[in-house]
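The values are calculated or read from the model by the stated rules, or taken from the named source; none is laboratory data. Please read these numbers as outputs of a predicted model, since none were measured by experiment. Using ideal geometry, Cβ is built from the backbone for each residue, glycine included, and neighbour counts are taken over all protein chains shown. Note: areas computed on protein heavy atoms with side chains; ligands, DNA, RNA excluded. Shrake-Rupley method; radii C 1.70, N 1.55, O 1.52, S 1.80 Å.
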Amino acid sequence: MIEKSGDHTAFYRLIDSPAGGPETFDSLPSTAGPWSPDAQHGGPPAALLGRAVERLAATAVGPATIGRFTMELLGPVPVGPLAVTASVVRPGRSVQLLGAELHDVARGRVVASARAWLFPVSGEGPLPPTPPDHKPDDGVLHDLPDGWHGGYLDAVEWRWIAGAVTTPGPGVVWMRPPDLVEGEEISPVQRLLACVDSASGVSAALDARHWAFLNTELTVHVLREPVGEWICLDAETTLGNGTVGVATSVASDREGLVARSSQALLVAPR
């Protein structure tokens, strides 16, 4: 995987933001996954749904932080126009449940949905984080495997501490994604969500040239908002003797633990 180029400054461009209506975005080529320039990697859609939740929370809930985020991928997310809607599913005085949906504008259908539990914002917690024993500068670069499409993989900066996408087994990598929306600074949780869907690729348990790991969902438990531009994933994929796999990761920033993620995978030969 290679350095982020200057052409990849964001994942989406805002097309329309009508008062009281859904925002519409143009998906830039940097959202594309490794297998096709027409279908998105799961990271950008997760972050875009997280953005919708955060924006609704700012107006309908007040100060709050996402403690759990779950995304359901209902089909391939096209590299094309997308509309985003959000709603309060369950209001409350201490915790609230918010939802968001990602709509394929061209086909008129929902391609991804999310639910997020919001928790009160507080000061320092009882357990201070423990910094990891490595940092992005300690990592190395790896080239893309032959035949893989760049898109998201080129837009993100990668520094590998252990493993590689072409080496089956657990992996540890630092990631720095670009901004989510062109001309808009990405939020800490959006940055986290843009990265954690990569856990199944960081820790592919089989040769990714011969086996596919289709992410059906993403669940992230956020212990605190990350600090800084880099996210570290320490990821592992567990396989059964059938078609089901589970990819998990521990996500950290330079200060320590940030979140834990899991994904249910469809494992199938290519």
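Per-structure values
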{"quantity": "Test: residue in region 205-218 that is aromatic (F, W, Y) and open to solvent by 70 Å² or more (accessible area, probe 1.4 Å)", "calculated": "yes"}
{"quantity": "Elements of type strands (runs of 3 or more DSSP E) in region 50-156, at least 1 residues being free of Cβ contacts under 8 Å to residues at least 40 places away in the same chain", "calculated": "81-90, 96-104, 109-120"}
{"quantity": "Subset tally (residues that are under 17 Å from H41 (Cα atoms), hydroxyl-bearing (S, T, Y) and modelled with pLDDT under 95) for region 206-253", "calculated": "1"}
{"quantity": "Selection within region 144-189 - within 18 Å of P37 (Cα to Cα) and over 20 Å from the mean Cα position of the chain (by Cα)", "calculated": "P145, D146, G147"}
{"quantity": "Residue among R51, R107 that is among the basic types (K, R) and surrounded by fewer than 18 Cβ atoms within 10 Å (Cβ to Cβ)", "calculated": "R107"}
{"quantity": "Yes/no for S187 being in contact with a Phe, Trp or Tyr (Cβ under 7 Å, 6 or more places away or on another chain) and of a type in the set (G, A, S)", "calculated": "no"}
{"quantity": "Residues of region 219-256 that turn out to be assigned to a strand (DSSP E or B), touching a Lys or Arg at 6+ places or on another chain (Cβ under 8 Å) and open to solvent by 20 Å² or more (accessible area, probe 1.4 Å), as a count", "calculated": "4"}
{"quantity": "G169, sole failed condition from (1) more than 22 Å from T31 (Cβ to Cβ); (2) part of a helix (DSSP H, G or I)", "calculated": "(2)"}
